[in-house]
Each structure stands twice: as structure tokens, then as C-alpha cells.
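Every number here is computed from the coordinates shown, using simple stated rules; none is lab data. In this text the structure is predicted, and so the values were computed from the model without any measurement. So basically every Cβ, Gly included, is an ideal-geometry build from the backbone, and we count neighbours across all protein chains shown.
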Ligand SMILES: Nc1ncnc2c1ncn2[C@@H]1O[C@H](COP(=O)(O)OP(=O)(O)OP(=O)(O)O)[C@@H](O)[C@H]1O
Ligand SMILES: [Mg+2]
């Protein structure tokens, strides 16, 4: 589905990614975990075209998408939900959803998607005429995910969907990720909450300072002593 | 948060349509009730400014582009119309109408020329490019004397005609401007509340997210600029045939700023904002006429107070 090979990226001479390779297969949830500044967000931005890679190749659904402009990558079915719940604050909830809906294909597909995301996030249905910026943090995150789902994505990139949310909402977001995956949409998930991420994923990659240092089935990684120490609170800094 | 408080855009479609319909009826009735030629003249000027400010609002309010050279496009349309009616097709009623497609074409072309290099870059390039464009147009008007008569301007521009009917007389010009303003507003309404409007506002709110949602940001901005530019040129074409004499001093930076103020005072990004802003800036100074010298002082103070009380404009942000 998605294959990344030797991906390098830098910001004005400072290298953020030193040639990483990984893939996401159809039907999989794959997570990318790592400390602050490891390069997770940069990786997602390269895939969605927001940051231009210096070297490497990105193939999506059999097509080379390296260096394509972001809107073309989105139109190919690869939807990026950036970190920090970036909803359009002066657009209503409905308008936010419709910006994703136009990629759904046709009006009836957009309508079907609208029904689907509203059953996934009923709270949005009650707030259709409200401005995006007036939603609570959790609702904004749901809106950001729902907006991407409106486009009938073939692959979803989620950057820290649980960041800054209360524990009960974190649960709620991960449940949703489960449901989306059950629907057959593969997901590349970036998370600081490594415990929850590993629970939700099939496989995972661990990043450190722009490199992938470990990879494997999520269950095995979750059991690994080094991972537990560094990322799961077993003597580490975060859990 | 004031920024997020109720806006006209939230009103129900039925109420919006009712408001629009009553405005149209009022517009048709005005000349039947108002006999004062000066008031009709003010309304004609207002109509031209409604086209200008609503057009500029597409770039500034919807797409979030800081446009500082709108008078350049306005002037291009005016000169284009004036040159065609006085020299290309002189002495025929067709001269006036031939100017319309020419003004639209030249407006869009100039918009594309300004946008192509400046809209790909983020930051203030666009503001600077449009500011420069406004100055270039003015210096062309001054220096291409063979075509424009330089600082003397173009005189004796024939009034608009349809066959033998003189549309420049009395309330006829009012109806002509009202027709074009309505047409422009109708088009803008559909753009604004349709998919284009959503894309423009998405781009204005968060360019990166708009991109990853599949919006071609460059194309969206380009369309906004080209449509704004075409409307400015149409307003210029009407203006030239209304006043019958134009010169470069009609199309200075001051004029660009005036139209920008209409958009901002009324409420950028809203449908009604530019209309209300135009009414404020065209009619309010007239109401102050009796106080003669104090006029500018009161006018300036009123604007400052308005912006302090409602920084998002009369209608609010949309
Ligand atoms: N726009 C930018 N300009 C310069 N450097 C940047 C930029 N964005 C990221 N970086 C740098 O690139 C490196 C990787 O950043 P990135 O945002 O990808 O990390 P991350 O793994 O997502 O971190 P976090 O968990 O904090 O979100 C960091 O050292 C960061 O300082
Ligand atoms: Mg990050």
C-alpha cells in the first residue's frame, strides 16, 4: 500500500530524517513511535507532500508520489490529519466536513460518507452549524479525523490524535481508530502515547533522532524491555 | 470570543434570500420615490463601489490575500473602456458594450500576470506585488501619452447607450449600475456559499491543511484574484462612461485603500460587509456636509471608534 525507501529530509541544512524505510500494508494499522524531535511529524509531512524530501522514494498504491504537490497526493487517496487539531475555525462543522467531501468522488458518495462519520462521531451531528473554532479540543480532534474520512481515504496518516486530551477522550479516539481500521482503511499512526498506540497497531516502528531503530509486531515491541523502559513508563519519561 | 460570534453567514438560507429580495425591490423603487438628482448620483457612485468592494472581498476576505493595488485593475478597466469608445469604435453605441468583454479579459489577464509569480510564495510577496502593480498601471497611464493623454486624461467619453437609448441620463444609469451590481452580487453569492467559497476560506484559515485536504491552493488563490480583478475592471468600465472624463489621479493608492477600508469596515469575508462598508464610506461623508471643515475630523474619528468597537467590521468576520 505505502512503501517508503531511504527517505531523507532536512530543514535548512539540518537533517531531520537520515534515510528511513518502512511500509504499510493493506488493512494494517502501523504506528511510528519515538521521543520528541525524533522526526515522526517530518515523516508524515514528507509522505503527504507538505515537506519535500531530499532523497528517497515514496510509493503509494503502486504509484511513485515522491515530490508531488500535497493536493495531488490527497487526491490519490492519502489523507493526512496533521498534529494539533487544525480545524478551519471560521468554517462551520458542516463546511469543515464538506471540504473533505469533495474528494469523495460524487455527491452520493459524499452523502454516504457524511452519514458514516456522523454515526462514528454523533456529537458532530449536533453541532453542524457551529463554527469549528468553538468546538472543544476533543470535538476538534474528532472533526479533524471526520473531515479526512469524508474524502474516502485509501490510507490515513494520523499525527498525535490523542495529544492534550483527557484520558477518557484518549480512549474514545483510540476506539475510533479501531473502528476505522475495522472498516478496512489502513492507518499510519504517530503517537507519543506508545502504550495505547502499540495496543491498537499490528506493527510498529521506533524512531530515534531521524532513524528507525527498531521494528516489529506491536505485541512483541510492547513486551520489549528497552521499549518498556524508554516509552512505556518503565523508568522512562513518558507513558 | 468576538471573532467567532454570530455572523450573517449563519442566518438561515430563507432569511438570507428574503433579505436579498427586499434589497432588490427597494433598489428598483428608489428612483421612483427619490427625485433628487444628487441623491441618484450618490447611489450611482455607491453601486460602482459595491461592485469594487464586493469584488475585492473575494481576494481579501475570502481567500485572505492582502491586495494593495486594486485601483490598478479598476483603472485598467476604465482606460480600456474609454479608449475603445473614444478611438476604437467611436460614435457608435457598440463602443460602450465592446468595452465590457475587453475589460473582463484585460482584468483577468492582469490578475494572472500579477498572481503567477507572487501567489506561489508565502508571506508578504503578494501585498508587495499588488502594490507595485498599482504603481505600474498609474505610471503607464501617465507615460503612454499616445494612448492615454498622460496626465490630461481621456475626455469626452460617450455616455452608455443601447441603440438610440441614452443610458447615461437620469435614473437610467442608476438602473444600469444596479443591474451590473446585482449580477455581480448574484455571482458572488453563489461562489461564496458554494464549493469555491469553502475552498477560499479553508485556504485563508490554514493553507497547509487545505492542501492536504486536496485543495490546489495556488489555483484557488489565482481564481480569487482573477475574479476580483475582472470585477474591478467592470466597475472601471462603468465609471469611465458615467463620469465621461478620467485621468490617472482617479486610480491612485488612495483609491485602493478606500476600497480596502470598505471591505474591512463592513466585515471582510461576509457577503453584506462590503455592501455596508461601501454605504458607510460613500454616504456618511455626505451626511457630514453641513459641518464643513470639521467633516474630515469627525469622519476620521468615527472610523477609529468603529474599528475599536467592532474590529471585525460591522457584520463581523465570515
Ligand atoms: N519547520 C522546521 N524548521 C526547522 N526544523 C524543524 C522544523 N520542523 C521540525 N524540525 C526539526 O526536525 C526534527 C524532527 O522534528 P519532528 O517535528 O518531525 O519531530 P516529532 O518526532 O514529530 O516530535 P514531536 O513528538 O515533538 O512532535 C526536530 O529536531 C525539529 O526541531
Ligand atoms: Mg510531531
Query raised in the report: How high is the relative contact order of chain A, given as a whole-number percent (alpha carbon pairs under 8 Å, six or more residues apart)?
Result: 26
Query - Over chain B: helical MRE at 222 nm, DSSP H runs n ≥ 4 each giving -39500 (n - 2.57), nearest 500 - result: -22500 deg cm²/dmol
Report summary line: The distance between the Cα centres of the stretch B:95-148 and the stretch A:49-109, in whole Å, is 33
Report task. Provide the percentage of antiparallel DSSP beta bridges, counting only those with both residues in the protein assembly as shown; round to the nearest 5. Result -> 60
Requested in this report: For a quick protection proxy, order the peptides B:122-131, B:94-103 by their average other-Cβ count within 10 Å, most packed first.
Outcome: B:94-103, B:122-131
Report summary line: For the stretch B:221-318 (alpha-carbon point model, no solvent) the Debye-based log₁₀ I(q)/I(0) at q = 0.13, 0.14, 0.23 Å⁻¹ works out to -0.56, -0.65, -1.28
Query raised in the report: Highest mean first, what order results for A:19-27, B:194-202, B:245-253 on Cβ atoms within 10 Å?
Result: B:194-202, B:245-253, A:19-27
Report task. Counting helices only, and only those DSSP H runs with n ≥ 4, report the 222 nm mean residue ellipticity of chain A as the sum of -39,500 (n - 2.57) divided by its residues, in deg cm²/dmol to the nearest 500. Result -> -11000 deg cm²/dmol
Report task. Could you work out the mean projected area of the convex hull around the alpha carbons of the stretch A:1-138, in square nanometres to one decimal? Result -> 9.7
Query raised in the report: What order do you get for B:175-184, B:304-313, A:179-188 when each peptide is scored by the mean count of other beta carbon atoms within 10 Å, highest first?
Result: B:175-184, A:179-188, B:304-313
Query raised in the report: Across all directions of projection, what mean area in square nanometres is found for the Cα convex hull of the stretch B:128-188?
Result: 6.8
Query raised in the report: Once both labels are modelled 7 Å past Cα along the beta-carbon direction, what's the residue B:28-residue B:147 spacing in nm?
Result: 4.2
Report summary line: Percent relative contact order for the stretch B:2-252, counting Cα pairs under 8 Å at least six residues apart, stands at 37
Query raised in the report: Can you give the mean number of other chain Cβ atoms that lie within 10 Å of the Cβ atoms in peptide A:83-96?
Result: 4
Query raised in the report: When the convex hull of the C-alpha atoms of the stretch B:140-239 is computed, what volume per residue in Å³ does it have?
Result: 156
Report summary line: Cα gyration tensor of the stretch A:114-239 diagonalised, 5x eigenvalues square-rooted, in angstrom largest first, produces semi-axes 29, 16, 12
Query raised in the report: What angle, in degrees between 0 and 90 and rounded to the nearest 10, separates the Cα long axis of helix A:107-120 from the longest principal axis of the Cα atoms of chain A?
Result: 70
Query raised in the report: To the nearest whole number, what is the average tally of beta carbon atoms from other chains within 10 Å of the beta carbons of peptide B:214-225?
Result: 3
Query raised in the report: Across the residues of B:294-300, average count of Cβ atoms on other protein chains within 10 Å?
Result: 0
**Report entry** Distribution of pairwise C-alpha distances over the stretch B:157-205, 5 Å bins, in %
**Finding:** 5, 19, 16, 14, 11, 10, 8, 9, 7, 1, 0
Report task. Please report A:95, B:286, B:255 as a ranked list, fewest other C-beta atoms within 10 angstrom at the top and most at the bottom. Result -> B:286, B:255, A:95
Report summary line: Over all Cα pairs of the stretch B:5-94, the Kirkwood radius sets Rh, and Rg/Rh then becomes 1.08
Requested in this report: In whole Å, largest first, what are the principal axis extents of the Cα atoms in the protein assembly as shown?
Outcome: 89, 47, 47
**Report entry** Residue order, fewest to most surrounding Cβ atoms within 10 angstrom, among A:99, A:92
**Finding:** A:92, A:99
**Report entry** Cα Rg, Dmax, the stretch B:2-252, angstrom units
**Finding:** 19.1, 56
Query raised in the report: Over the stretch B:215-318, what is the mean sequence separation of C-alpha contacts under 8 Å (at least six apart), divided by residue count, expressed as relative contact order in percent?
Result: 27
Query raised in the report: Relative to the present Cα-Cα distance, how much length would full extension add between residue B:195 and residue B:36 at 0.36 nm per residue of separation?
Result: 53.0 nm
Query raised in the report: Expressed as cubic angstrom per residue, what is the convex hull volume of the alpha carbon set of chain A?
Result: 118
**Report entry** Crossing angle, helix A:167-182 versus chain A [Cα axis fit, 0-90 degrees, rounded to tens]
**Finding:** 90
